[in-house]
1. Could you list all residues from the range 88-127 that are polar (S, T, N, Q), over 21 Å from Met328 (Cα atoms) and either without any contact (Cβ under 8 Å) to a residue 12 or more places away in the chain or part of a helix (DSSP H, G or I) (or both)?
2. Which members of the range 118-137 meet the condition of being open to solvent by 10 Å² or more (accessible area, probe 1.4 Å) and out of contact with any Gly (no Cβ under 8 Å at 6 or more places or on another chain)?
3. Here is a check on your reading of the model: is Val27 among the β-branched types (Val, Ile, Thr) and in contact with a helix residue (DSSP H, G or I) (Cβ under 8 Å, 6 or more places away or on another chain)?
4. Those residues that are of a type in the set (S, T, N, Q) and open to solvent by 70 Å² or more (accessible area, probe 1.4 Å), I need them from the range 145-166; list them, please.
5. Restricting to the range 293-319, what's the tally of residues that are basic (Lys, Arg), touching a Pro at 6+ places or on another chain (Cβ under 9 Å) and open to solvent by 60 Å² or more (accessible area, probe 1.4 Å)?
6. Among the numbered conditions (1) among the hydroxyl-bearing types (Ser, Thr, Tyr); (2) touching a residue at least 60 places away in the same chain (Cβ under 8 Å); (3) farther than 20 Å from Leu121 by Cα; (4) surrounded by fewer than 20 Cβ atoms within 10 Å (Cβ to Cβ), tell me where Thr81 comes up short.
Amino acid sequence: MSGTPIDTDERIHLIVVFGGESAEHDVSCTTAAHVLAAADPAKYRITPIGISTDGQWAIADQAVAALASGGGRLPAQLDPTGSDVSPTPILSAASAEPSTTVVMPLLHGPMGEDGTIQGLLELANLPYVGTGVLGSAVAMDKAMAKQVVAAAGIPQARYRAFAEHEMTPSLATTIVDDLGLPVFVKPANMGSSVGVSKASSVDELNTAIDVALSYDEVVVVEEAVVGKEIEVAVLGNHQPTAATPGEIVPGDDFYSYEDKYLADGSYAVIPAPIGDDALATAKELAIETYRALRCEGLSRVDFFWEDPATEINGKPGRGFLLNEVNTMPGFTPISMFPKMWIADGVSYPEIIDRLVDLALERHSRRRRNTAH
């Protein structure tokens, strides 16, 4: 951390919320540690708030002590436990204080990235980083997001989505007849590849559906796409911009949770080696998708790339196919979102500054439009 802190009242009070009740709890704690380490203490007075896996809010005392000592003692993963607090009084106090407050909800997955905490922050009248209630909820639900982007004309892989109560004994066979094999099976409301399985037979598909249903009551089954995994980092509100796209080369059979966060077999190539025209198209499609889903602040938009100049299963490649959108992508050392912006010359602290500015702009605009 660098910079000399100025008077507390002149700095932005940055409330960093992390942890959460989803299966991506540990990812969030790691993300928060790196954001705290990078945020400029000359600009921000930071309050780290952890949420345990059972929903208990607390001032992260260990992180507070590390920040007070200059940040050098910050661990690689923050501990969300500490002095218990209730969200209502702490957010009410923050909205009433004379200094500017911005909340950075670094929560991944359900109960954080799905519009829930965004709604709480709207009620508390606090600016916050990232997409609002509607965009967060729609993007988090892969089945609903696919319907929205289809209506917007954005290409995507063939898929089937269904709720648990819609299952029949013949469903897996019907899906295989429609999509072929292999297929990928995902819980609709989850991220970081949690609960995702690859199925190469009807029996494996039934097992994969059971795994997905242990995380969510809606399941998405997608055709397996033979192509490159291309990711695009987007920043902005009404005028979003996209970083140079990168390619993920997975070290696992697919880009699994272990591959993303626990192993080091995968690697990123920035810019993605797909040619300048395709790179430009990826950026355009990412921004189009971002707007269709009402994203704001930041998102990472993930595509598959089937090269139209090559044949796949006897047919020309289909170009870009949308995979999914993450409205609060990870900020871990191996996360793609910061990597792509850093490759374009935007430093990690600058990303934080831009996100805070976007949060303040959005809040000002929204309050102007809803005040009576």
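1. Scanning the range 88-127 gives Thr88, Ser92, Ser95.
2. Across the range 118-137, the qualifying residues are Gly119, Leu120, Leu123, Ala124, Asn125, Pro127.
3. The answer is yes for Val27.
4. If the condition is that a residue be of a type in the set (S, T, N, Q) and open to solvent by 70 Å² or more (accessible area, probe 1.4 Å), then Gln147 is the only one that fits.
5. 1
6. (2)
Here is a yes/no grid of residues against (1) assigned to a helix (DSSP H, G or I); (2) within 30 Å of Arg367 (Cβ to Cβ); (3) at pLDDT below 95:
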| position | (1), (2), (3) |
| --- | --- |
| Thr131 | no, yes, no |
| Gln147 | yes, no, no |
| Ala161 | no, no, no |
| Asp177 | yes, no, no |
| Leu181 | no, no, no |
| Gly195 | no, no, yes |
| Leu205 | yes, no, no |
| Asp210 | yes, no, no |
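Yes/no matrix, rows are residues, columns are (1) crowded, with 16+ Cβ neighbours inside 10 Å; (2) in contact with a Phe, Trp or Tyr (Cβ under 7 Å, 6 or more places away or on another chain); (3) touching a residue at least 40 places away in the same chain (Cβ under 8 Å):
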residue: Ile12; (1), (2), (3): yes, yes, yes
residue: Phe18; (1), (2), (3): yes, no, yes
residue: Ser22; (1), (2), (3): yes, no, yes
residue: Ser28; (1), (2), (3): yes, yes, yes
residue: Ala58; (1), (2), (3): yes, no, no
residue: Ala63; (1), (2), (3): yes, no, no
residue: Ala66; (1), (2), (3): yes, no, no
residue: Arg73; (1), (2), (3): no, no, no
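The values are calculated or read from the model by the stated rules, or taken from the named source; none is laboratory data. Quick caveat: nothing in here was measured; it's all calculated off a predicted structure. Cβ sites come from the backbone with ideal geometry, for glycine too, and all protein chains shown count toward neighbours. Calculation scope for accessible area: heavy atoms of the full protein, side chains included, ligands and nucleic acids excluded. Shrake-Rupley method; radii C 1.70, N 1.55, O 1.52, S 1.80 Å.
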